[in-house]
Amino acid sequence: MADENKKPAQLREVVGVFADAETLEAAIGELLASGLEPARISLLAGETAIVETLGHRYEKIEELEDDLAAPRIKYQSTETLAATKTALLGSLVSIGAVAAAGAIFASGGALLPTLGSGVIGAEVGGFLSGVLGDLIDGRRADYLKEQLSHGGLLLFVRAADDAEEAAAKEVLMKHSGRDVHAHALPA
């Protein structure tokens, strides 16, 4: 029979601040290579989400390191962002070409010389995908600039046990994380 008075192990979260995206990505890459699940890695959300959630702005990143109410976003690697962008770009080019082909079909072929067999549609789709791709890159750049203006990029790593906590701390410090420490998470 299980001991009813025994408390469940408390989850811990390792926190570290990084001075740039490169060292942050290197630390996360090592954490993932060690077998840590991507879902256990998060970053501080953008300033708008913070103001909406907490009801105030913050000056320094250190103010939010141990604030469990501070909103987080799921980590997405640069490779994931690139794949998403590529899929988006390809889809929009295809949509443009299909739309052009549909217009040719609907016109009974009268638009064939004008649309050049979907080339114009593909170009329009390519243009739109380029604009949206730039928007994705711009939003990421704005996020990084905003976070760095407050003192750094805040990384959170949920650890299931003491060994994972120690390993996460070691990785963050190895990759120039500062103010690396852990705090308890609510059950």
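The values are calculated or read from the model by the stated rules, or taken from the named source; none is laboratory data. Values in this document were obtained by computation on a predicted structure and should not be read as measured data. Reconstructed Cβ throughout: ideal geometry from the backbone, glycine too, with neighbour counts over all protein chains shown.
If you check every pair at least six apart or on different chains, which have Cβ atoms under 6 Å apart with a residue in region 13-32 that is outside the structural domain of ARG158 (by TED's automatic domain parsing) and within 12 Å of GLY152 (Cβ to Cβ) first and a residue that is of a type outside the set (Gly, Ala, Ser) and not in a helix (DSSP H, G or I) second?
So the pair list comes out empty.
Test each condition in (1) modelled with pLDDT under 95; (2) surrounded by 14 or more Cβ atoms within 10 Å (Cβ to Cβ); (3) under 19 Å from the mean Cα position of the chain (by Cα) for SER176 and report the one that comes out false.
In the conditions (1) modelled with pLDDT under 95; (2) surrounded by 14 or more Cβ atoms within 10 Å (Cβ to Cβ); (3) under 19 Å from the mean Cα position of the chain (by Cα), SER176 misses (3) alone.
Filter region 11-59 down to residues that are under 23 Å from ALA187 (Cα atoms), surrounded by fewer than 14 Cβ atoms within 10 Å (Cβ to Cβ) and aliphatic (A, V, I, L, M), then give me how many there are.
Qualifying residue count for the region: 1.
Would you check if there is a residue in region 140-148 being at pLDDT 75 or above, among the basic types (Lys, Arg), at negative phi and touching a helix residue (DSSP H, G or I) at 6+ places or on another chain (Cβ under 9 Å)? I'd like the intermediate steps shown before the answer.
Within region 140-148, the first condition is being at pLDDT 75 or above, and the residues that meet it are 140-148.
With among the basic types (Lys, Arg) added as a condition, the list becomes 140, 145.
Narrowing further to those that are at negative phi: 140, 145.
Filter again for touching a helix residue (DSSP H, G or I) at 6+ places or on another chain (Cβ under 9 Å), leaving 140.
Yes: region 140-148 contains one or more residues that are at pLDDT 75 or above, among the basic types (Lys, Arg), at negative phi and touching a helix residue (DSSP H, G or I) at 6+ places or on another chain (Cβ under 9 Å).
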